[in-house]
Every structure is written in C-alpha cells, then in structure tokens.
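To keep things clear, I will list the structure first and then write my remarks on it.
The values are calculated or read from the model by the stated rules, or taken from the named source; none is laboratory data. The shown structure was predicted, so the numbers you read here are calculated from the model rather than taken from an experiment. Cβ sites come from the backbone with ideal geometry, for glycine too, and all protein chains shown count toward neighbours.
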Amino acid sequence: MFQNLKAQPADKILTLMQAYRDDPRDNKIDLGVGVYKNAEGITPVMRAVKAAEHRLWKEQVTKAYTGLAGDPAYSDAMISLVLGDAVARENVAAAATPGGTGACRQAFELIQMANPDARVFVSNPTWPNHLSILSYLGIETIAYRYFDDETRAVDFGGMLEDLGAARAGDVVLLHGCCHNPTGANLNAVEWQAVIDLLNEKGLIPMVDIAYQGFGDGLEEDATATRMVASQVPECLIAASCSKNFGIYRERTGLLMAVSQDRSQHGLNQGTLAFLNRQNFSFPPDHGARLVTMILSDDALRTEWAAELEEVRLSMLDLRKSLADELQRLSGSDRFAFLAQHRGMFSRLGTTPEMVEKLRADYGIYMIGDSRMNIAGLNAQTVPVLAKAIIDAGI
Ligand code: HCI
C-alpha cells in the first residue's frame with residue numbers, strides 16, 4: 001500500500017523556515033513564516049496568556065471531553081470579539097476548530113456539502129494553504145485580481161470585474177483584514193462595493209480573519225467582517241487566535257456560519273458539530289479555554305489588549321522606519337507602500353530571482369513571492385534590509 005504514495009509538494013513557508021534554521025550565518029534575518037517576533041527575535045507567551053495558564057492549572061479539575069463544537073462559552077466570547085453586536089447571537093452557528101487552518105478546512109467541507117457545484121473565488125494571490133486545501137478537496141478555484149504589481153495596492157477595478165464573472169451560489173473568499181501575503185487591503189468604501197456586488201449576484205462570502213488586532217486595532221480590524229456579516233443573507237467566517245493571542249501551537253480557531261434566517265440555526269450548528277466529529281471528534285480545548293478566560297475577565301482582557309496594541313504599534317513603527325530608510329537610500333517614494341500596508345506582511349513586489357539573491361548574498365529570508373514578515377525586523381536589521389534591497393538593485 002505505502003509504495004503507492006506519491007511525494008506531496010512541500011509548503012513553501014515551512015520549507016523556508018527550515019532553510020533559515022539550517023543556515024549557519026549569524027547575521028541571517030528571518031522574514032519568512034508568519035509568527036510575531038519581538039525586538040529580541042522571540043515569540044513570547046503573552047502576559048495575559050501566562051496568567052490564564054497559571055489560573056487554569058490551579059483551577060481546572062477535569063480534562064474530560066467538551067462538546068463536539070467545543071465549549072459554548074468560547075464560541076460566545078469569540079463571536080463577540082469578531083462580530084461585536086453586528087449580528088444577533090442566535091444568527092450565528094459556531095464550532096471551535098484546530099486553528100484558523102482548521103476553520104478554513106471545515107468551511108470548505110461545508111461548502112462542498114451544501115453546494116458541490118460551488119466554485120471558490122480566491123484573491124490573486126492568497127494564502128497558499130487556501131489553495132492547497134481547496135485543491136485537495138477537489139473544489140474548483142477561480143482567482144480574482146487583487147494585488148497591483150505596479151502600485152503595490154489593491155487592483156480594485158480588476159477585483160470587481162473578476163468577481164462579476166461569478167455565478168449565484170459561488171463562494172468568494174475574502175481576508176477580513178491584514179491580507180496575507182500582500183499587506184494590501186480594501187478601504188470601507190471598497191468593502192461596501194464588494195458587499196453590494198455579492199448581494200446583487202447572490203454570491204456567498206467566506207471571510208478569513210487571522211490577524212485581528214495586527215492592523216489598525218482590534219475593533220477597526222473587525223469592521224469589514226462585521227459589515228459583511230450584517231449585510232448578506234449568509235456567510236462563513238474562519239477566525240484564528242494564533243496570532244492575536246500568540247498561541248500558535250495550541251491550535252485555536254473558530255468557524256462561524258452566519259444566517260439572517262434564524263430557522264437555519266439548528267441545521268447550521270448541527271452541521272458544524274458533525275464536520276468536527278468526522279474529522280477529529282472534539283476540537284483542542286487548551287487554547288480555547290485561555291482565550292475564553294482572557295476575554296471574560298476584565299483585568300486579563302485589558303492586559304491582553306494592551307500587549308496586543310504594543311505588538312501592533314511595534315510593527316507599524318518597523319514599517320515606517322523601513323519605508324523612511326528606503327526613501328533615504330533610493331531618493332524616491334517607490335517604497336512608500338510599505339507604510340501603507342497593514343498587518344504582519346508586505347509583498348515587496350520583486351522577482352523570485354531577487355528574493356533568492358537576498359537569501360544567498362545577504363542571508364535575508366523572505367517567501368519566494370517576496371512576502372516579508374515585518375515582525376521579523378528590529379531597529380538594527382531595518383537599515384541592513386533597506387541597504388540590501390537597494391544594493392541588490394530592487
Ligand atoms: C503564514 O506564514 O502565512 C502563517 C503561518 C502558517 C504558515 C504555514 C502553515 C500554517 C500557518
């Protein structure tokens with residue numbers, strides 16, 4: 001049996017992570033995998049998470065199974081974090097999932113179950129794992145224009161034109177904030193135009209929100225998702241706690257199915273629980289319990305939000321100093337987009353050959369499509385990266 005297996009394509013992001021680890025140079029710079037790092041290059045356990053873990057260790061008396069959809073208190077806390085009061089709680093079915101990836105996977109399976117003919121429209125580019133999972137499930141994907149290589153902003157005209165080709169019942173995958181891999185995002189007026197188009201054509205949005213709090217702020221980053229959820233008849237939302245709670249390896253995510261038709265709620269909730277049961281029975285609980293504890297305790301929540309804000313502002317600072325340094329070295333504004341982008345990533349917009357040159361000659365690791373993890377920088381490495389970009393001739 002095993003001899004029939006075929007080697008599968010490796011994940012480019014994880015391959016690069018390994019290559020960085022194997023590089024003996026001590027001046028190497030890791031701008032690869034999307035993990036927040038502080039100025040010391042460490043991905044810390046957040047203060048509120050440590051405190052919640054401590055409390056959990058003292059207070060938890062059982063590790064018996066939760067429900068198939070996870071602890072309802074976790075769903076309540078996360079629905080409120082992501083959706084605020086944009087949608088009534090009774091309109092939202094939700095299930096805990098292993099990370100945001102798990103939420104995406106379950107969402108895609110639900111789409112396939114509900115409408116095997118649905119095609120999923122994905123931004124060009126999108127997170128590679130979206131494409132990988134969709135292709136694994138045999139779901140047809142259609143790319144819509146998104147990133148403008150010239151301006152390094154959203155090609156909004158192209159996006160609307162391409163979405164115009166979708167059929168009623170097709171799904172449109174949107175990044176709620178902090179687009180991965182480009183860092184380029186829609187403004188509120190553009191979001192509204194997309195929502196109007198979705199409604200006009202009967203398209204179903206699926207919002208992937210993995211970086212809430214990393215862009216313009218916790219509430220601000222949820223605005224687009226809330227606009228979508230409150231204005232369309234139904235949508236799916238895949239949320240991740242990996243980055244904003246710094247609990248990557250705990251695998252903590254939530255899939256929400258929002259329907260304006262309340263009579264759908266039981267069926268939606270039952271389907272989410274069923275899908276969890278088919279794939280892994282019960283979702284991981286440790287991270288979800290920490291998140292619930294933090295979001296429901298005033299002191300922990302304040303501490304968490306303050307640290308998240310420090311993280312957000314530190315990335316904004318790095319963006320600004322990189323853009324300034326490149327402005328100084330190049331004598332032009334052609335890198336100003338770096339300060340406009342939001343979230344952890346920016347697509348530099350250069351060739352794979354240049355990305356390889358930066359790796360080979362300067363020990364700078366970014367993804368082949370020139371996606372940089374801004375959080376991989378610090379005050380010392382910003383000028384090093386800027387000089388390398390100019391010296392390499394980008
Ligand atoms: C990212 O770097 O895009 C997010 C982190 C990640 C990368 C690959 C698989 C899962 C998560």
Would you mention how many residues in the stretch 17-43 are within 23 Å of Phe214 (Cα to Cα) and in contact with a helix residue (DSSP H, G or I) (Cβ under 9 Å, 6 or more places away or on another chain)? 13
Would you say Leu316 is of a type outside the set (D, E, K, R) and either within 27 Å of Pro98 (Cα to Cα) or surrounded by 22 or more Cβ atoms within 10 Å (Cβ to Cβ) (or both)? no
Based on this model, can you work out whether Gly158 counts as buried (at least 17 other Cβ atoms within 10 Å of the Cβ) and under 25 Å from Asp221 (Cβ atoms)? no
State the number of residues belonging to the stretch 153-198 that are free of Cβ contacts under 8 Å to residues at least 12 places away in the same chain and in a loop (DSSP other than H, G, I, E, B). 2
Considering only the stretch 84-100, how many residues are crowded, with 21+ Cβ neighbours inside 10 Å and within 15 Å of the ligand (Cβ to nearest atom)? 3
If I ask for residues that are within 26 Å of the chain's Cα centre (by Cα), closer than 27 Å to Leu313 by Cβ and away from the ligand (no atom under 16 Å from the Cβ), which ones from the stretch 323-357 would you list? Ala323, Phe335, Ala336, Phe337, Leu338, Ala339, Gln340, Gly349
Kindly indicate whether any position in the stretch 207-222 is within 16 Å of the ligand (Cβ to nearest atom), in contact (Cβ under 8 Å) with a residue 24 or more places away in the chain, of a type in the set (Phe, Trp, Tyr) and surrounded by 16 or more Cβ atoms within 10 Å (Cβ to Cβ). yes
Just checking, does the stretch 242-261 include any residue being more than 22 Å from Gly70 (Cβ to Cβ) and assigned by TED's automatic domain parsing to the domain that holds Asp117? yes
Does the stretch 228-243 include one or more residues that are at negative phi, of a type in the set (Asp, Glu) and in a helix (DSSP H, G or I)? no
Do we have any residue at all in the stretch 53-64 that's in contact (Cβ under 8 Å) with a residue 40 or more places away in the chain and of a type in the set (Ser, Thr, Tyr)? no
(1) on the phi > 0 side of the Ramachandran plot; (2) assigned by TED's automatic domain parsing to the domain that holds Ala39 all hold for Ser281 apart from (2)
The residue from Gly349, Gly368, Gly343, Gly363 that alone is crowded, with 17+ Cβ neighbours inside 10 Å, under 21 Å from Asp23 (Cβ atoms) and touching an Asp or Glu at 6+ places or on another chain (Cβ under 9 Å) is Gly363
Matching residues, the stretch 199-218, being part of a strand (DSSP E or B) and under 15 Å from the mean Cα position of the chain (by Cα): Met206, Val207, Asp208, Ile209
Restricting attention to the stretch 360-380, which residues are away from the ligand (no atom under 16 Å from the Cβ) and under 25 Å from the mean Cα position of the chain (by Cα)? Ile364, Asn378
Give the residues of the stretch 133-152 that are of a type outside the set (A, V, I, L, M, F, W, C), touching a residue at least 40 places away in the same chain (Cβ under 8 Å) and either surrounded by 15 or more Cβ atoms within 10 Å (Cβ to Cβ) or in contact with a Lys or Arg (Cβ under 7 Å, 6 or more places away or on another chain) (or both), sorted by residue number. Arg152
Quick one: is Leu316 at pLDDT 95 or above and in the same structural domain as Ala336 (by TED's automatic domain parsing)? yes
Could you check how many residues of the stretch 1-20 are modelled with pLDDT of 95 or more and either over 22 Å from Met372 (Cβ atoms) or away from the ligand (no atom under 15 Å from the Cβ) (or both)? 7
Where the second residue is charged (D, E, K, R) and more than 16 Å from the ligand (Cβ to nearest atom) and the first is touching a residue at least 40 places away in the same chain (Cβ under 8 Å) and farther than 16 Å from Leu218 by Cβ and lies in the stretch 77-105, which pairs have Cβ atoms under 7 Å and are six or more apart or on separate chains? Glu90/Arg262; Asn91/Arg262
Scan of the stretch 85-110 for residues that are closer than 22 Å to Asn244 by Cα and of a type outside the set (A, V, I, L, M, F, W, C), ordered by number: Asp85, Thr97, Pro98, Gly99, Gly100, Thr101, Gly102, Arg105, Gln106
For Thr141, state whether it is within 16 Å of the ligand (Cβ to nearest atom), of a type in the set (Val, Ile, Thr), modelled with pLDDT of 95 or more and not assigned by TED's automatic domain parsing to the domain that holds Leu348. no
